[in-house]
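For reference, the structure is listed below as structure tokens.
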Amino acid sequence: MRIVGLTGGIASGKSTVSNLFKANGIPVVDADVIARNVLKKGSGGWKRVVAAFGEEILLPSREVDRPKLGQMVFSSDSKRQLLNKLMAPYISSGIFWEILKEWVKGAKVIVVDIPLLFEAKMDKWTKPIVVVWVSQETQLTRLMERDGLSEEDARNRVMAQMSLDLKRGNADIVIDNNGGLDELHQQFDKVLSEIRRPLTWFEFWRSRQGAFSILGLVTSGLFVCKQLN
């Protein structure tokens, strides 16, 4: 099974690329969706985050006020690191189980969409790594327009993340999303062809089909040995 790592930065267009993979029949494990589930009222992650940040981050429904929590952690390195530390075990296990589900279904290629792919050291489990890159100026402009933020707030959010230039330097495939949708689609088509290429032997053996092949070979070998004895 080929596990493709997809990452980018805030307002880089990563979600658009993720949706393009889905639209083309490639299963996507979305770390943001898993993170939202981790913070559902009453969950283990919810309890740890509320204990650390206080009940002021809760809505009247007792669900986490995500925009308020986001504003809090983006303005403080220590609080952001604490939140990441609290949620990391739950998100990692959630990603593992989602990958396992796709393995059981027989998926040969899956995309793992993780904003903190490098920061969480999960890049070693994915190959190839696709980075959706834009210039910092484009990123700031899109973020301000999308979320109605001031330039200062937008810059704080961008600077709170690993630089897209650093991510680009560690990528196997870079999608330059500084242009329009037509240019993005043209680049995506090339990426899609690349990740759909035939599996390597290693990728095949870790797929469900490969595992069953190994099981068949072992079973056949044991049967032959029994017959010879």
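The values are calculated or read from the model by the stated rules, or taken from the named source; none is laboratory data. None of these values were measured; they are calculated from a predicted model. Neighbour counts are summed over all protein chains in view; Cβ atoms, including those assigned to glycine, are modelled from backbone coordinates with ideal geometry. Please note that ligands, DNA and RNA were not included when accessible areas were found on the heavy atoms of the full protein model with its side chains. Shrake-Rupley method; radii C 1.70, N 1.55, O 1.52, S 1.80 Å.
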Look at region 6-27 and say how many of its residues are in a strand (DSSP E or B) and not aliphatic (A, V, I, L, M).
1
Collect the residues in region 157-203 that are without any contact (Cβ under 8 Å) to a residue 24 or more places away in the chain and surrounded by 15 or more Cβ atoms within 10 Å (Cβ to Cβ), keeping them in residue-number order.
Gln187
Restricting to region 28-40, name every residue that is in a loop (DSSP other than H, G, I, E, B) and out of contact with any Lys or Arg (no Cβ under 8 Å at 6 or more places or on another chain).
Lys40
Those residues of region 34-48 which are open to solvent by less than 100 Å² (accessible area, probe 1.4 Å) and either more than 21 Å from the chain's Cα centre (by Cα) or of a type outside the set (A, V, I, L, M, F, W, C) (or both), in sequence order:
Asn37, Gly42, Ser43, Gly44, Gly45
Checked region 10-27 for anything open to solvent by 30 Å² or more (accessible area, probe 1.4 Å) and β-branched (Val, Ile, Thr); matches are Thr16
Gly13 being modelled with pLDDT under 95 and among the small types (Gly, Ala, Ser)
no
Total residues in region 51-81, condition outside any helix (DSSP H, G or I), of a type outside the set (Ser, Thr, Tyr) and either loosely packed, with under 11 Cβ neighbours inside 10 Å or in contact with a strand residue (DSSP E or B) (Cβ under 7 Å, 6 or more places away or on another chain) (or both):
5
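Going by the structure shown, is Gly5 more than 20 Å from the chain's Cα centre (by Cα), over 23 Å from Asp153 (Cα atoms) and open to solvent by less than 40 Å² (accessible area, probe 1.4 Å)? Give the steps one after another, and end with the answer.
Values: more than 20 Å from the chain's Cα centre (by Cα): no; over 23 Å from Asp153 (Cα atoms): yes; open to solvent by less than 40 Å² (accessible area, probe 1.4 Å): yes.
Answer is no for this residue.
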Which numbered condition Lys127 misses (of (1) farther than 18 Å from Val73 by Cα; (2) open to solvent by less than 60 Å² (accessible area, probe 1.4 Å)):
(2)
Hits in region 82-106 - residues which are surrounded by fewer than 19 Cβ atoms within 10 Å (Cβ to Cβ), in contact (Cβ under 8 Å) with a residue 12 or more places away in the chain and among the small types (Gly, Ala, Ser):
Ala88, Ser92, Gly106
